[in-house]
1. Please go through the range 121-136 and pick out each residue that is buried (at least 17 other Cβ atoms within 10 Å of the Cβ) and of a type outside the set (D, E, K, R).
2. Within the range 120-149, work out how many residues are farther than 22 Å from THR34 by Cβ and either outside any loop (DSSP other than H, G, I, E, B) or of a type in the set (Lys, Arg) (or both).
3. Does VAL59 fit the bill of being touching a strand residue (DSSP E or B) at 6+ places or on another chain (Cβ under 6 Å) and surrounded by 19 or more Cβ atoms within 10 Å (Cβ to Cβ)?
4. THR156 - would you say it is surrounded by 13 or more Cβ atoms within 10 Å (Cβ to Cβ), at pLDDT 95 or above and in a strand (DSSP E or B)?
5. Counting only residues that are closer than 20 Å to ASP98 by Cα and free of Cβ contacts under 8 Å to residues at least 40 places away in the same chain, which one in the range 23-47 is nearest to the chain's Cα centre (by Cα)?
6. What are the residues in the range 104-142 that are in contact with a helix residue (DSSP H, G or I) (Cβ under 8 Å, 6 or more places away or on another chain) and among the acidic types (Asp, Glu), if any?
7. Applying the selection to the range 82-115, what residues are touching a residue at least 40 places away in the same chain (Cβ under 8 Å) and closer than 20 Å to VAL17 by Cα?
8. In the range 54-62, is there at least one residue being on the phi < 0 side of the Ramachandran plot, among the small types (Gly, Ala, Ser) and in contact (Cβ under 8 Å) with a residue 24 or more places away in the chain?
Amino acid sequence: MAIGSSATTAPADDELVITRVFDAPRELVWRAWTEPELVKRWWGPKYFTSPFAEIDLRVGGKYLFCMRGPDGKDYWSTGTYREIAPPEKIVCTDSFADEKGNVVPASHYGFTADYPRELLVTVLLRERKEATEFTLHHVGFPSGSERVMAIDGWSTSLDKLAEILTEIRR
């Protein structure tokens, strides 16, 4: 896979896998995923911002992120870290939340009732010379438009991450 290339697959009905090669060392990509000030620079789909990111990076620790839509509406998410292997692997849960970090149903943000309360995210970072092969495995999505929206959201978020990594490397 060439630098800047990406692939998105859906190996099972509720899974999303995105692989991308970033033109940045693995340690920098790791920092972009684990340092709140860096996360705030790229988290959320195109045209969204991230005014808040809090990370307690330890097994059992939690994160709380906010992404703000172009209409000013905030969408909060939280999760618990299940596995951390710096600088190569993060496994955590993923749920919608309120601004205090309490898990809320997806319907709180207008999603369908069949959207699960908790999904699972695995991030893998593999060194490739001076680049990093990044793989995101996100499990638990319902089928249909919400899954398509998640694919687009992740893809454009990762586009923003690529831009930030380029800026930081300069």
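1. Residues satisfying the conditions are VAL121, VAL123, LEU125, ALA131, THR132, PHE134, LEU136.
2. Selection size over the range 120-149: 6.
3. Working: touching a strand residue (DSSP E or B) at 6+ places or on another chain (Cβ under 6 Å): yes; surrounded by 19 or more Cβ atoms within 10 Å (Cβ to Cβ): no.
Answer is no for this residue.
4. So THR156 fails the test.
5. Start the filter on the range 23-47 by keeping residues that are closer than 20 Å to ASP98 by Cα, which leaves 36, 39-40, 43-45.
Keeping just the survivors that are free of Cβ contacts under 8 Å to residues at least 40 places away in the same chain gives 36, 39-40.
Working: PRO36: 13, VAL39: 9, LYS40: 11 Å.
Across the range 23-47, the extreme among qualifying residues is VAL39.
6. Once the filter is applied, which keeps residues that are in contact with a helix residue (DSSP H, G or I) (Cβ under 8 Å, 6 or more places away or on another chain) and among the acidic types (Asp, Glu), the range 104-142 yields only GLU127.
7. Within the range 82-115, PRO87, GLU88, ILE90, ASP94 meet the criteria.
8. The initial filter retains those residues of the range 54-62 that are on the phi < 0 side of the Ramachandran plot, namely 54-59, 61-62.
Retained after the next criterion (residues that are among the small types (Gly, Ala, Ser)): 61.
Narrowing further to those that are in contact (Cβ under 8 Å) with a residue 24 or more places away in the chain: none.
Checked against the condition, which is being on the phi < 0 side of the Ramachandran plot, among the small types (Gly, Ala, Ser) and in contact (Cβ under 8 Å) with a residue 24 or more places away in the chain, the range 54-62 yields no hits at all.
The values are calculated or read from the model by the stated rules, or taken from the named source; none is laboratory data. Every value quoted in this text rests on a predicted model; they were computed, and no experiment measured them. Heads up, the Cβs are rebuilt from the backbone with ideal geometry, glycines too, and the neighbour counts pull from every protein chain shown.
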